[in-house]
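For reference, the structure discussed in these notes is given below.
Quick note: the coordinates plus some simple rules give every number you see, no bench work behind them. Bear in mind the structure is a predicted one, so any value in this text is a computation, not a measurement. Quick reminder, even Gly has a Cβ in these numbers, built from the backbone with ideal geometry, and neighbours come from all protein chains shown.
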Amino acid sequence: MAILLSACGARICLSGRDNERLQLVLNALHGEGHSVLCLDLNGSDAVTDAIRHDAETSGTFWGVFHGAGISMVRPAKLCKEKQFDEVFSSSVQSGIAIARAMSLRGVIEDGGSVILMSSVASLRGQAGMALYSAAKSAIDGMTRSLAVEFAPRRIRVNSLCAGAVQTPMHEKLVNSLSQESVNDYENKHLLGFGTPDDIANTVAFLMGEGGRWITGTSVVVDGGYTVR
Ligand SMILES: NC(=O)c1ccc[n+]([C@@H]2O[C@H](COP(=O)([O-])OP(=O)(O)OC[C@H]3O[C@@H](n4cnc5c(N)ncnc54)[C@H](OP(=O)(O)O)[C@@H]3O)[C@@H](O)[C@H]2O)c1
């Protein structure tokens, strides 16, 4: 996504918690002026402070994409406080910490775009997915309220409800399933599994002029998973 956005002319601030991988992506970006913000999105106030500091030193953001998250498939009887904290801190608490940073003067430009990563798990129930679904529904709820709160500055806030996208998270899941189950899972997506490019293209659209009248919604990008 960062590579695509840089090819569209964006100056990128890459964030993640693995500096080596961040440097690899940094080297693959088009254009100049990009920066790296190595940060554990643990939901703490330090997340807000680090983003504000980056805006002060590297310049105001036009948009932010919040994709960090961990998946967790486990029955409710195994969902304890520790698992709740793990799932919610990286996605929901950090989503709020990022939103708080964006609400500070000089961090994001008026008219900018905030995109939060949700999932079809927010829209459909599945055994073992209570915690993950709860976190993603929280992202969708947060999206709607932030859209109202940021509208006076014409900052748009949307989430993406993605179906199965072929990433390391997806690989981990399918490696735990039989081939028959993987085929069933893929067949539920009318257009098959998605690729990171499918998400990146949607984000590029929402960041750009084409998305100027879209706010407060959860855009479903799922290859037809939720259609039936
Ligand atoms: N793949 C799918 O099928 C799918 C479908 C719907 C929604 N999603 C959502 O899409 C987003 C991206 O998922 P993905 O499939 O790309 O998963 P992934 O391959 O596991 O990538 C998730 C990324 O989030 C980062 N992350 C997790 N916790 C973090 C933290 N506390 N601080 C900083 N970074 C953190 C991970 O960093 P590390 O590598 O350092 O752990 C990793 O780079 C997630 O929100 C996920 O829930 C994925």
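With charges only on Cβ, +1 for K and R and -1 for D and E, what is the dipole size of the stretch 9-111 about its Cα centre, in debye, rounded to 20? Don't jump to the answer; show the numbers that get you there.
Values: 10 positive and 13 negative charges, 86 e Å.
I would put it at about 420 debye.
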Within straight cross-link reach of Lys188, meaning Cα distance under 28 Å, which lysines are found once same-chain residues fewer than 8 apart are removed? Lys77, Lys136, Lys172
Please list the non-local residues whose amide H lies under 5 Å from the amide H of Gly63, H modeled 1.01 Å from N, same-chain partners needing a gap of 5 or more. Ser113
Please list, ordered by chain and number, the residues whose modelled amide H lies under 5 Å from the amide H of Ser15; skip anything fewer than 5 residues away on the same chain. Leu37
How large is ³J(HN,Hα), in whole Hz, for each residue of the stretch 199-208 in order, when computed from phi with the Karplus curve 6.51 cos²θ - 1.76 cosθ + 1.60 and θ = phi - 60°, using x for Gly and Pro? 6, 4, 5, 5, 5, 4, 5, 5, 6, x
Residue by residue through the stretch 148-155, which ³J(HN,Hα) values in whole Hz follow from phi under the Karplus form 6.51 cos²θ - 1.76 cosθ + 1.60 (θ = phi - 60°), with glycine and proline marked x? 5, 5, 8, 4, x, 9, 6, 7
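Please give the length that would be gained between Arg21 and Val148 if that part of the chain were fully extended, namely 0.36 nm times their separation in residues minus their C-alpha to C-alpha distance (nm, one decimal). Write out the running numbers ahead of the final one.
Working: separation 127, 0.36 × 127 = 45.72 nm, distance 3.55 nm.
So the extension gain works out to 42.2 nm.
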Sites Phe84 and Glu109 - FRET efficiency at Förster radius 30 Å, r taken between beta-carbons, to 0.05: 0.30
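Expected output is a single nm value to one decimal: the length gained when fully extending between Arg100 and Glu56, i.e. 0.36 nm times separation in residues minus the C-alpha distance. What is it? Write down the numbers at each step before the final one.
Working: separation 44, 0.36 × 44 = 15.84 nm, distance 1.52 nm.
The span from Arg100 to Glu56 would gain 14.3 nm if fully extended.
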Top mean-square fluctuation among Glu186, Glu81, Glu56, Gaussian network model of the chain, C-alpha springs under 10 Å? Glu81
For Val219, distant residues with modelled amide H under 5 Å away: Ser159, Leu160, Cys161
Considering only the chain, what is the antiparallel percent among its DSSP beta bridges, to the nearest 5? 0
For the chain, what size does the Cα cloud have along each of its three principal axes, sorted from largest down, in whole Å? 50, 37, 37
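Could you give the size of the charge dipole of the chain about its Cα centre, using +1 on the Cβ of each K and R and -1 on the Cβ of each D and E, expressed in debye and rounded to the nearest 20?
Numbers: 20 positive and 23 negative charges, 119 e Å.
That gives a dipole near 580 debye.
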Identify the residues of the stretch 54-88 with backbone N under 15 Å of a label point that sits 7 angstrom from the Cα of Thr226 along the Cα-to-Cβ direction, or state none. none
From phi via Karplus (6.51, -1.76, 1.60), per-residue ³J(HN,Hα) for the stretch 29-43 in Hz, x at Gly/Pro: 6, 7, x, 10, x, 7, 9, 10, 10, 7, 8, 8, 7, 9, x
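Divide by every residue of the chain the summed helix terms, -39500 (n - 2.57) for each DSSP H run of at least 4, and state the resulting mean residue ellipticity at 222 nm, rounded to the nearest 500 deg cm²/dmol. Spell out each step's value before the answer.
Working: 9 runs with 97 residues, N = 228.
My calculation for the chain gives -13000 deg cm²/dmol from helical runs alone.
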